[in-house]
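The values are calculated or read from the model by the stated rules, or taken from the named source; none is laboratory data. None of these values were measured; they are calculated from a predicted model. Heads up, the Cβs are rebuilt from the backbone with ideal geometry, glycines too, and the neighbour counts pull from every protein chain shown.
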Amino acid sequence: MLLQPADERAALWKRVTEIAERYVNTVDDLPVAPEDPTAITRELQRFDFTHPMSPQDALASAADLLSRYTVHTPHPRYFGLFNPAPATMAVMADALVAAFNPQLAAWSHAPFAVSLEAKLVRDFGRRFGFAQASGAFTSGGGEANATAVLCALAHRFPAYREDGLQSLNAPVAIYTGPAPHHSVLKAARAAGLGTRSVRMVPADAAGKMDAGALRRHIEDDMRAGISPLMIVATAGATSTGIIDPLDAAADVAKDAGTWLHVDAAWGGFAMLVPELRSALCGIERADSVTFDPHKMLSVSMGAGLFLTPHASIMGETFGISTNYMPALSQGDPDPYTHSMQWSRRFIGLKVFLSLLVAGWDGYAQALRRQTAMGEYLRGRLIDDGWIIENDTPLPVICFRGENDDARATAAIADAVVSSGKAWISTTTLANGTAVLRACITNYRTVERDVDLLIHELRAARAASSLNRSPGDTV
Ligand SMILES: *Cc1c(COP(=O)(O)O)cnc(C)c1O
């Protein structure tokens with residue numbers, strides 16, 4: 001039952017590769033979003049697991065449901081939320097990893113995997129300006145941000161390791177810019193600090209964290225007996241791509257003696273493109289960085305990275321000893337003593353194989369093209385009379401029709417999505433303005449795809465102004 005005979009396995013592999021290849025070759029023809037996602041509940045009632053299904057039928061069911069009930073994030077007209085089309089080598093890596101199923105909790109069980117990930121952490125760390133990085137691969141940016149909060153606590157309050165929050169003799173606070181990722185709030189909750197410990201510093205005129213306001217907020221809090229734990233600056237905000245002033249945040253962190261974490265989950269790719277690196281100037285002064293290869297490096301989910309120049313902090317934060325795990329590593333540190341997860345998947349292989357084949361230059365080229373496609377989209381939107389509301393060198397554009405309110409803006413996004421031709425979303429800026437949001441997430445997106453989006457937007461806008469009754473306020 002659990003191991004099919006060799007000839008049947010060969011046929012199943014063939015079927016799997018046919019399904020995967022057909023998907024890559026025809027995804028552009030599929031509607032980007034499912035027409036009626038709620039029908040999935042009824043579809044699933046078929047499966048009661050009392051009558052075994054043949055492996056071929058089981059695969060066919062999965063392929064059919066994946067194809068009909070998924071927002072096709074690998075579609076070249078998915079202008080969405082940082083979800084890439086997976087690189088070929090990443091897909092291959094995931095299949096290999098599943099087949100070998102190495103256990104990465106301990107070095108001795110998987111010396112290749114653990115030492116490779118440690119090397120990748122050092123190599124990526126160098127790209128972010130850390131001469132000797134330590135860190136860990138994570139499930140994604142959320143886990144990396146939570147790791148940052150725990151490291152900051154262990155660094156600032158060594159007693160926290162054993163005695164927890166009870167050992168802190170003052171309330172602590174986390175300072176973020178105007179648009180932190182919400183995983184920072186979750187991390188504060190999980191660490192026992194609560195979401196109210198997260199202080200959002202107001203935006204300056206450009207929508208970035210106001211460094212002067214940050215400094216004053218920290219000084220006021222310190223006078224009130226609150227202990228500043230860390231600053232979380234965002235390099236490429238999720239909604240807008242706005243980059244907080246990292247150098248200025250590093251100055252404030254230094255003066256206040258706090259940890260500086262830079263959440264570059266998406267925008268960190270700029271460090272891999274020579275002409276974009278200056279946009280993240282100051283990141284090399286951070287105490288830690290979040291970077292998600294499963295976003296702009298186009299590896300399949302989940303692959304996040306937590307990077308830090310503090311050589312011993314991972315062990316200080318996560319070190320634990322047991323009597324059942326294998327003897328301590330003779331090579332790179334055992335991940336179970338240096339990160340949040342225990343048993344876990346070999347995340348680094350998909351990054352390794354993709355990088356081996358593309359090289360740093362290949363990635364720079366792909367990322368440069370995606371950035372140029374963002375510029376192209378920005379230009380086409382302006383030509384069509386849309387108002388651009390965000391200012392970033394990164395390929396995400398927030399825009400709206402002149403005089404459009406939140407309802408009209410949402411109606412335009414709905415019309416584009418339900419056309420099946422493209423996928424965009426809406427968001428609200430720090431100043432309360434409702435906008436449409438389109439991001440170049442896919443290395444396969446070309447001018448023609450952008451032109452099609454422009455066409456759909458034009459149609460949606462025309463329909464939305466027709467539907468507006470004369471009494472409606474705009
Ligand atoms: C995507 C994102 C995250 C969360 O990362 P996941 O990989 O989804 O867990 C955190 N911060 C920023 C800025 C992001 O864009």
With at pLDDT below 95, surrounded by 14 or more Cβ atoms within 10 Å (Cβ to Cβ) and polar (S, T, N, Q) as the only criterion, which of Ser354, Ser329 stands out? Ser329
Subset of region 236-293, residues out of contact with any helix residue (DSSP H, G or I) (no Cβ under 6 Å at 6 or more places or on another chain) and hydroxyl-bearing (Ser, Thr, Tyr), comes to Thr238, Ser239, Thr240, Thr258, Ser278
Residues to consider are Leu429, Leu377; find the one that is in contact with a strand residue (DSSP E or B) (Cβ under 9 Å, 6 or more places away or on another chain), at pLDDT below 95 and either of a type in the set (A, V, I, L, M, F, W, C) or within 22 Å of Lys208 (Cβ to Cβ) (or both). Leu429
Out of all the residues in region 71-101, which are surrounded by 18 or more Cβ atoms within 10 Å (Cβ to Cβ), in a loop (DSSP other than H, G, I, E, B) and more than 16 Å from the ligand (Cβ to nearest atom)? His72, Pro74, His75, Pro76, Arg77, Ala85, Ala87
Out of all the residues in region 380-403, which are touching a strand residue (DSSP E or B) at 6+ places or on another chain (Cβ under 8 Å) and over 26 Å from Met296 (Cβ atoms)? Ile387, Gly401, Glu402
Looking at (1) part of a helix (DSSP H, G or I); (2) surrounded by 16 or more Cβ atoms within 10 Å (Cβ to Cβ), can you tell me which one Pro31 breaks? (1)
Mind checking whether some residue in region 414-422 is closer than 25 Å to Ser300 by Cα, without any contact (Cβ under 8 Å) to a residue 12 or more places away in the chain, out of contact with any Cys (no Cβ under 7 Å at 6 or more places or on another chain) and among the small types (Gly, Ala, Ser)? no
Within region 247-255, identify whether any single residue is within 13 Å of the ligand (Cβ to nearest atom), aliphatic (A, V, I, L, M) and either crowded, with 20+ Cβ neighbours inside 10 Å or over 14 Å from Ala144 (Cβ atoms) (or both), and answer yes or no. no
Within region 94-151, which residues are in contact with a Leu (Cβ under 9 Å, 6 or more places away or on another chain) and hydroxyl-bearing (Ser, Thr, Tyr)? Ser108, Ser134, Thr138
Give all pairs with beta carbons closer than 6 Å in which a residue from region 66-95 that is among the aromatic types (Phe, Trp, Tyr) meets a residue that is at pLDDT below 95; count only pairs at least 6 apart in sequence or on separate chains. Tyr69/Pro34
Any residue in region 144-162 that is without any contact (Cβ under 8 Å) to a residue 60 or more places away in the chain, surrounded by fewer than 24 Cβ atoms within 10 Å (Cβ to Cβ) and within 14 Å of Ala264 (Cα to Cα)? no
Considering region 428-468 alone, what residues qualify as being over 15 Å from Leu377 (Cα atoms) and surrounded by fewer than 19 Cβ atoms within 10 Å (Cβ to Cβ)? Thr428, Ala430, Asn431, Gly432, Thr433, Ala459, Ala462, Ala463, Ser465, Leu466, Asn467, Arg468
Can you tell which of Asn403, Asn390 is at pLDDT below 95 and either of a type in the set (Asp, Glu) or more than 20 Å from Pro34 (Cβ to Cβ) (or both)? Asn403
Tell me which residues, restricted to region 226-244, are surrounded by fewer than 23 Cβ atoms within 10 Å (Cβ to Cβ) and either free of Cβ contacts under 8 Å to residues at least 40 places away in the same chain or assigned to a loop (DSSP other than H, G, I, E, B) (or both). Ile226, Ser239
Listed residues Asp247, Asp263; which is of a type in the set (D, E, K, R) and in contact (Cβ under 8 Å) with a residue 60 or more places away in the chain? Asp263
